[in-house]
Amino acid sequence: MHRNAVVSCSIAVAALAAAVAVFATAGPPYAQNVAGGVLYLVGLLAGLIGGVLLWLDWAELREDVSQGRLRTGVTAASASLVLVCACAVVTLSKVASGAAQLGLISATALVLVLALAAAAQGRAT
């Protein structure tokens, strides 16, 4: 399960970063950029799957991982899930400007990277 989570989160980070780059390069109106939209959807789907798998991986109690690392891992996985869902809600409800949405997408990719780093540290111990 851990390997699948890492692969899925890695795909999500790459797709979300590429979507931000495509959207920023093309400029507004962002909704008319098909390539960016496809990358964004792929990133959100992979992020959702990866976040759930990371959360499931951290949620099981393991005696070989300290409570601090366990808490950090669950928090990072939960934050990534919240941000992936927030991206979808904010985009569909159109409550934020395009620039704010690009910031949210970037923050989601960053939190997914942090969740991957926490998972790697948890496995190293």
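Out of everything in the stretch 112-125 that is more than 12 Å from the chain's Cα centre (by Cα) and either aromatic (Phe, Trp, Tyr) or part of a helix (DSSP H, G or I) (or both), what residue ends up being nearest to Asn33 (Cα to Cα)?
Ala117
Restricting the search to the stretch 87-106, which residues are part of a helix (DSSP H, G or I) and over 11 Å from the mean Cα position of the chain (by Cα)?
Correct list: Ala88, Val89, Val90, Thr91, Leu92, Ser93, Gly98, Ala99, Ala100, Gln101, Leu102, Gly103.
If you check Ala109 against the conditions, is it assigned to a helix (DSSP H, G or I), closer than 25 Å to His2 by Cβ and open to solvent by 30 Å² or more (accessible area, probe 1.4 Å)?
Answer is no for this residue.
Considering only residues that are touching a helix residue (DSSP H, G or I) at 6+ places or on another chain (Cβ under 8 Å) and not aliphatic (A, V, I, L, M), which ones fall in the stretch 1-30?
Once the filter is applied, which keeps residues that are touching a helix residue (DSSP H, G or I) at 6+ places or on another chain (Cβ under 8 Å) and not aliphatic (A, V, I, L, M), the stretch 1-30 yields His2, Asn4, Ser8, Cys9, Ser10, Phe23, Pro28, Pro29, Tyr30.
For the stretch 51-67, how many residues are open to solvent by 70 Å² or more (accessible area, probe 1.4 Å) and either without any contact (Cβ under 8 Å) to a residue 40 or more places away in the chain or of a type in the set (Lys, Arg) (or both)?
The total comes to 5.
Yes/no per residue for (1) under 17 Å from Leu83 (Cβ atoms); (2) buried (at least 18 other Cβ atoms within 10 Å of the Cβ); (3) more than 14 Å from the chain's Cα centre (by Cα):
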site	(1), (2), (3)
His2	no, no, yes
Val7	no, no, no
Ala12	yes, yes, no
Leu16	yes, yes, no
Ala24	no, no, yes
Ala31	no, no, yes
Val42	yes, no, no
Ala46	yes, yes, no
Ile49	yes, yes, no
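Within the stretch 68-86, identify whether any single residue is assigned to a helix (DSSP H, G or I), open to solvent by 60 Å² or more (accessible area, probe 1.4 Å) and more than 20 Å from Gln121 (Cα to Cα), and answer yes or no.
Checking the stretch 68-86: at least one residue is assigned to a helix (DSSP H, G or I), open to solvent by 60 Å² or more (accessible area, probe 1.4 Å) and more than 20 Å from Gln121 (Cα to Cα).
Is it true that some residue in the stretch 89-106 is touching a helix residue (DSSP H, G or I) at 6+ places or on another chain (Cβ under 8 Å), in contact (Cβ under 8 Å) with a residue 12 or more places away in the chain, β-branched (Val, Ile, Thr) and farther than 19 Å from Pro29 by Cβ?
No - not one qualifying residue is present in the stretch 89-106.
The values are calculated or read from the model by the stated rules, or taken from the named source; none is laboratory data. No experiment lies behind these values; they were computed from the predicted model shown. So basically every Cβ, Gly included, is an ideal-geometry build from the backbone, and we count neighbours across all protein chains shown. Areas reflect the complete protein model, heavy atoms only, side chains present, ligands, DNA and RNA absent. Shrake-Rupley method; radii C 1.70, N 1.55, O 1.52, S 1.80 Å.
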